[in-house]
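The values are calculated or read from the model by the stated rules, or taken from the named source; none is laboratory data. This one's a predicted model, so the numbers in the text were calculated from it and none came from an experiment. Please note: Cβ atoms are built from the backbone with ideal geometry, for glycine as well, and neighbour counts cover all protein chains shown.
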Amino acid sequence: MRPYELILKKREGGELSEDEIAGWIRGVTDGSVSDAQSAALLMAILFRGMTESETTALTLAMANSGRQLDLSLLPGVKVDKHSSGGVGDKTTLILAPLAAAGGVTVAKLSGRALGHTGGTLDKLESIPGLRVEMDLAAFLDVVERVGVAVASAGVDLAPADKKLYALRDATATVESVPLITASIMSKKLAGGADALVLDVKVGNGAFLPDERQATELARTCVSVARRAGRKAVAYLTSMDQPLGRTVGNALEVREAIETLKGGGPRDLRELVLVLGAEMLRLGRVEEDPAAARAHLERLLASGEAAERFQRMIEAQGGDPRVVDDPRRLPQAEVRVPVEAPAFGFVGAIATRDLGLASMALGAGRDRPGAPVDLAVGLEVACAVGDAVEAGEPLAWIHAHTPDQAQAVRTRVRDAFRLSQERPAPPALVRGRLA
Ligand code: URA
């Protein structure tokens, strides 16, 4: 069928066949379908939706559009983890070495920061010398020797997604559950893991703030994984405040190291234990959730998790001494407090605004390929439900100059909504779908 007819069929609410979807994605990849036609079809999909069969066909066609990793020669069950993107979400930096120390093989391909959310690769690159751009042989070699590697997905993994994502970004067609599902899951399927733990964020800093839509995304991703012959479990977790206390690349690595050593903020540690226990279960290391959690707690307390991170850093060319001495990470010159204007309880935090403030400092990027500043960012001093006195810090801005900090100060202060009544803190884990 010609692209024109596909657009017409979807525009009128019809169901596209597997062959029609595969033909479209072949045309996207080889350039024979024009951007105008793909954009029109994306808009029709946004309005008309897709059945689960269509979403699965789209995901598989996109996964097939480039290289697919074969991890079958690596030992054990290969378990991947994916977050739909959040502010201060440094979970992968902790979970990947922790799950590996627990006996799961973790061959993880990750992305870079874009918009108000950060990216694991940029965070890792704040470790001096560490390489995330590796060829496949080098990547597999690190996984084999250390049990874990985290590297760049590279241009040849699901190339159709890269083209379609750029078109969606330019045509207001990002917020569609089938399109997001196919985008996320095509890269995960091509990444070759046997099982996947998904962390779908919900709340004002999430990509899909609405709980109903986020739940639908989680359900669809799990179902597509199953239809594609992989195991998947999804968690819905809160992005109504930043995760942990830091936002920004080196700052987040420092907090991840604290958590790997058994400390760290309570919410971050809790999320790591919940997702990590699921990784151990899917990896068939420990079926019982309480025993899996206790196992992970021991690995954090004993230093084995931190030691695994050190080995991963070294194998990827980085300076492993940052784990014992995080002052070796890039540091900004000034740390400027943002004070509460009056007494109150932190009623809500505009999490997305904090992500945008961090991006404005230079910690994130608003277009693919733009450089990021590894040292700058925010340190949050309070959580929803905390009481603050007038003049007490709500956050600190890490910047290179006082003027740079001043430029985002109002935005950071206004992100904290003070109220006279203490609100209930938002629940961290909102649901599990399997
Ligand atoms: N993350 C992705 O990889 N793709 C989307 O469409 C949205 C979030």
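Odds and ends about this structure:
- Evaluated against (1) buried (at least 22 other Cβ atoms within 10 Å of the Cβ); (2) part of a loop (DSSP other than H, G, I, E, B); (3) in contact with a Lys or Arg (Cβ under 6 Å, 6 or more places away or on another chain), Y235 falls short on exactly one condition, (2).
- Of all the listed residues (G283, G229), the sole one being of a type outside the set (D, E) and either under 20 Å from M312 (Cα atoms) or touching a strand residue (DSSP E or B) at 6+ places or on another chain (Cβ under 8 Å) (or both) is G283.
- Candidates L280, L268, L275, filtered to the one that is over 18 Å from the mean Cα position of the chain (by Cα) and either assigned by TED's automatic domain parsing to the domain that holds R112 or surrounded by 24 or more Cβ atoms within 10 Å (Cβ to Cβ) (or both): L280
- Qualifying residue in segment 214-227 (condition: at pLDDT below 95 and acidic (D, E)): no
- Matching option when the condition is touching a helix residue (DSSP H, G or I) at 6+ places or on another chain (Cβ under 7 Å) and either over 30 Å from G283 (Cβ atoms) or of a type in the set (A, V, I, L, M, F, W, C) (or both), among M43, M1: M1
- Exclusive hit being among the aliphatic types (A, V, I, L, M), within 30 Å of L136 (Cα to Cα) and part of a loop (DSSP other than H, G, I, E, B), set L58, L73: L73
- Selection from segment 1-38 of residues that are in a helix (DSSP H, G or I), small (G, A, S) and surrounded by 14 or more Cβ atoms within 10 Å (Cβ to Cβ): A22, G23, G27, S38
- Filter result for I349 (touching a strand residue (DSSP E or B) at 6+ places or on another chain (Cβ under 9 Å) and within 12 Å of R335 (Cα to Cα)): no
- Scanning segment 398-408 for residues that are under 26 Å from the mean Cα position of the chain (by Cα) and either assigned to a loop (DSSP other than H, G, I, E, B) or touching a residue at least 60 places away in the same chain (Cβ under 8 Å) (or both) yields H398, A399.
- Looking at A357, A395, just one residue is closer than 14 Å to H116 by Cα and outside any loop (DSSP other than H, G, I, E, B), and that residue is A357.
- Answer residue from segment 208-232, given it is within 14 Å of the ligand (Cβ to nearest atom) and assigned to a loop (DSSP other than H, G, I, E, B) and is nearest to L46 (Cα to Cα) among those: L208
- Tally, over segment 91-116, of residues that are more than 13 Å from the chain's Cα centre (by Cα) and either among the charged types (D, E, K, R) or over 12 Å from M279 (Cβ atoms) (or both): 1
- For segment 317-354, a residue qualifies if it is among the acidic types (D, E) and part of a helix (DSSP H, G or I), and exactly one does: D353.
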